[in-house]
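Trainee: This is the structure I want to talk about, given as structure tokens.
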Amino acid sequence: MDSKMAVHVVESCWELCVLCLQVAHVGGQEDGGHEGCVPGFQVKHYQVAYSGAFQKGQALIQVEFDDCAGNEDVKFEVSDPNFHVNEDLNLVPQRDVLYSRPILFVHGLSAHADDVAQVDVTGLPVQSPHTLRLADYIFARGSNFLEPPLGDTQPREASAPSQGTI
């Protein structure tokens, strides 16, 4: 191949690349795409202040999500099943929530976007990992925590103090 022909081939390749980019750009606009739009959460980090129980249905924050194609059929999942994202993009408790995890993750998914945002819950009461909550104890022991442990069928009597010799 001579140099003139090689230059022509390279020029043709560049023209083809530019044409493909223009078609892709116009096609993206026809699909509802926004020029310069980055699909996913527009804000990746949120904060919610805890000041007592979160009430069922109370909008805590509004997330900013754009799949650059009209946000049709976007599904959201929250790492804590006590919360969901409603149709107005608000993070909302599904029931009254007395205690929340300190960090929640919100996953947004559509045919055009797949992204995760983080929600920090500030102002939570400090809980020691060694703190035994009464509800956990009752659940672990059953409904009557005054009964002897399971498998303990022997009646218990007060033991007499042992008598030792001096």
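Trainee: Taking strands (runs of 3 or more DSSP E) that do not extend beyond segment 32-102, which have at least 1 residues that are on the phi < 0 side of the Ramachandran plot, touching a strand residue (DSSP E or B) at 6+ places or on another chain (Cβ under 9 Å) and of a type in the set (S, T, N, Q)? Lay out the reasoning, then the answer.
Mentor: Details: elements: 45-49, 75-78, 83-85, 90-93.
By residue number, 45-49, 90-93.
Trainee: Just to verify a result, which residue in segment 72-131, among those that are of a type in the set (F, W, Y) and within 12 Å of F54 (Cβ to Cβ), is surrounded by the most Cβ atoms within 10 Å (Cβ to Cβ)?
Mentor: Step by step, filter segment 72-131, then rank; the result is F83.
Trainee: Okay, next question. Being acidic (D, E) and modelled with pLDDT of 95 or more narrows it down to one of D73, D88, so name that one.
Mentor: On the way: D73 fails: modelled with pLDDT of 95 or more.
Sole residue among the options that is acidic (D, E) and modelled with pLDDT of 95 or more: D88.
The values are calculated or read from the model by the stated rules, or taken from the named source; none is laboratory data. Because the structure is a prediction, the values reported are computed rather than measured. Positions of Cβ are generated from backbone atoms using ideal geometry, with glycine treated the same way; all protein chains shown enter the neighbour counts.
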